[in-house]
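Student: Before we start, here is the structure in question, set down as structure tokens.
We did not get these values from a lab; they are worked out from the coordinates using the rules stated. Values in this document were obtained by computation on a predicted structure and should not be read as measured data. Cβ atoms come from the backbone with ideal geometry, glycine included; neighbour counts cover every protein chain shown.
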Amino acid sequence: MYVSRYHRFLRASLLVTAVVLVFDSGILFPVTKQLSDNTVQYLASSAVGMFASVPQNEINTLTAQLTEQQRALDAREAALNAREIQARDYGNSSSSDYSTYIISVILFIIIVLLMVNYAMDWARLRKFSSHENAMG
């Protein structure tokens, strides 16, 4: 039976999606779930920055002080987040992890498509072989 590029692509996408689902859910290693969560948070918080310089005045001085205080608060928040991640219990996760659900749905759709595709190929091959037997 001829295996087309489509069949190979469908099987490869099924395998890749299953591996990503196992990685994202942390079934084998809880550290992979933490890595996935941290990556999502990092990508969500990254932004493009721009800098400019202006002459020194009273407003700039106040702004610089506020900025310095904001940086100190951000550093405290980052330290708090780091401690929270270290204290995190891997067994009980109260927050919903939508990425795992989305990847599970995609994996299910790919499996259904793969089964339907092979069923249709089998029916076509059976119809073709019965048609060949009737002709020959």
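Student: If R₀ is 41 angstrom, what is the calculated FRET efficiency for the pair residue 128 and residue 104, using the beta carbon separation as r and rounding to 0.05?
Tutor: Calculated value: 0.70.
Student: With everything on Cα atoms, drop me the angle between helix 58-86 and the longest principal axis of the chain, reported from 0 to 90° to the nearest 10.
Tutor: Long axis of 58-86 versus the principal axis of the chain: about 50 degrees.
Student: Could I ask something else about it? Can you give me the distance in nm between label points at residue 18 and residue 62, each placed 7 Å from the Cα along the Cα-to-Cβ direction?
Tutor: 6.4
Student: With the cut-off at 1.5 for a/c, could you classify the chain from its C-alpha gyration tensor as rounded, prolate or oblate?
Tutor: prolate
Student: Need one number: nm distance between label points at residue 6 and residue 86, each 7 Å from Cα along Cα→Cβ, rounded to one decimal.
Tutor: With each label placed 7 Å out from Cα toward Cβ, I get 5.5 nm.
Student: Now, a different point. When only C-alpha pairs under 8 Å and at least 6 residues apart count, what is the relative contact order of the chain, in percent? It would help to have the intermediate numbers written out before the result.
Tutor: On the way: 33 pairs, mean separation 56.8, N = 136.
Computed value for the chain: 42 percent relative contact order.
Student: Along the positive direction of the dipole of the chain (beta-carbon charges: Lys, Arg +1; Asp, Glu -1; about the Cα centre), which of 17, 113, 67 reaches farthest?
Tutor: 113
Student: In whole angstrom, note down how far apart the Cα centers of the range 7-74 and the range 100-136 are.
Tutor: Going from one Cα centre to the other spans 41 Å.
Student: If you don't mind, another one. For the pair residue 116/residue 46, report the inter-label distance in nm, with labels modelled 7 Å from Cα in the Cβ direction.
Tutor: For residue 116 paired with residue 46, the spin-label model returns 3.6 nm.
Student: Within the range 103-136, whose backbone N sits under 16 Å from a point 7 Å along Cα→Cβ of residue 27?
Tutor: Counting backbone N atoms under 16 Å from the label point, the list is 103-112.
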